[in-house]
1. Give the total of Lys-Lys pairs in the stretch 118-251 with Cα-Cα distances below 28 Å; include a pair only if its members are 8 or more places apart or on different chains.
2. In sequence order, what are the phi-derived ³J(HN,Hα) couplings for the stretch 118-134 according to the Karplus relation 6.51 cos²θ - 1.76 cosθ + 1.60 with θ = phi - 60°, rounded to whole Hz, with x for glycine and proline?
3. Could you work out how much longer the chain between F252 and S62 gets when fully extended? Use 0.36 nm per residue separation minus the Cα distance between them, nm to one decimal.
4. Where nothing but the Cβ of Lys and Arg (+1) and of Asp and Glu (-1) is charged, how large is the charge dipole of the chain around its Cα centre, in debye to the nearest 20?
5. Among G161, G195, G129, which one shows the biggest mean-square fluctuation in a GNM of the chain, springs joining Cα atoms closer than 10 Å?
6. Could you tell me the center-to-center distance, by alpha carbons, between the stretch 75-128 and the stretch 185-225 in angstrom?
7. By how many degrees, between 0 and 90 and to the nearest 10, does the Cα long axis of helix 80-94 differ from the longest principal axis of the chain?
8. Can you give the FRET efficiency to the nearest 0.05 for I189 and L31, using r as the Cβ-Cβ distance and R₀ = 30 Å?
Amino acid sequence: MALRQEMAKSLLKTSSLPGRTKLLHQTGLSLYSTSHGFYEEEVKKKLQQFPGGSIDLQKEDSGIGILTLNNPSKMNAFSGVMMLQLLEKVIELENWTEGKGLIVRGAKNTFSSGSDLNAVKSLGTPEDGMAVCMFMQNTLTRFMRLPLISVALVQGWALGGGAEFTTACDFRLMTPESKIRFVHKEMGIIPSWGGTTRLVDIIGSRQALKVLSGALKLDSKYALHIGMVEEVLQSSDETKSLEEAQEWLKQFIQGPPEVIRALKKSVCSGRELYLEEALQNERDLLGTVWGGPANLEAIAKKGKFNK
């Protein structure tokens, strides 16, 4: 077993990984840089001019994090400062080695109404729009690649950018009265935080075109029907629905963090990479857990699984 571990480590060191695979292997890498005309520090200075609200993170001993969009006076709309704080929280979660799962929710029983219109009005040029687009695509792509199994808990409304954020999570749960709506067309724009690309992946191109071009109001029943959400929870109460979401998530994060995190990374590879690259990444991830404590413990039990 020790020999196999050494061989795996050697392969990890010597493998020549293509660029896309490296993006998934390493944390802290983003889609856009100065080569794309994206100057992150300049964008941050602009976003800093629009205060209000906060992004709050609570990390539980169970390995579940709770990320709260907290700007209730504006239906948890994203201010510029909240966009900056979201990136900070993503970086913190990238480094949370004990983490296994994450629930994203909004304060005061609603998810998010998207971008704060004060920031939208002030950042009115196409150049500003594309800069914020690249910033949020960077952040939500890093969020999507977190080695945590993530769930959006949709209470109340998820509108515009709020609807887009739900698509960056692995799963979505809704309360009975909640609604998701991509209102971008009615604002004279299209989704710009990566929402269209991810929505197509979730519900397919035909359904995505209907949802976006019709600016459809997705109630919990219709969202469940088209595969937008996994389940409709029993309660609409803020506290009880969070408890339900935690119980739902726990069934997928049982086990050691290193195994759950490797599984999530492997699924990200399968979604984002070409077949050959995905297979190579799966091999490398196996090298991080094969012969590890969980593997050895399972072998010692002679593989007697609970059926």
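1. Count of close lysine pairs: 17.
2. 4, 5, 4, 5, 6, 9, x, 8, x, 5, 5, x, 6, 5, 5, 4, 5
3. Values: separation 190, 0.36 × 190 = 68.40 nm, distance 1.24 nm.
Length difference between fully extended and current span is 67.2 nm.
4. Values: 37 positive and 34 negative charges, 123 e Å.
For this selection, approximately 600 debye.
5. Maximum fluctuation in the GNM of the chain, among the listed residues, is at G129.
6. Each part's Cα centre sits 20 Å from the other's.
7. 10
8. The pair I189/L31 has a calculated efficiency of 0.95.
The values are calculated or read from the model by the stated rules, or taken from the named source; none is laboratory data. Keep in mind that this is a model prediction, so the values were computed, not measured. Don't worry about glycine lacking a Cβ; one is built from the backbone with ideal geometry, like all the others, and counts go over all protein chains shown. Accessible surface areas use protein heavy atoms only, side chains included; no ligands, DNA or RNA. Shrake-Rupley method; radii C 1.70, N 1.55, O 1.52, S 1.80 Å.
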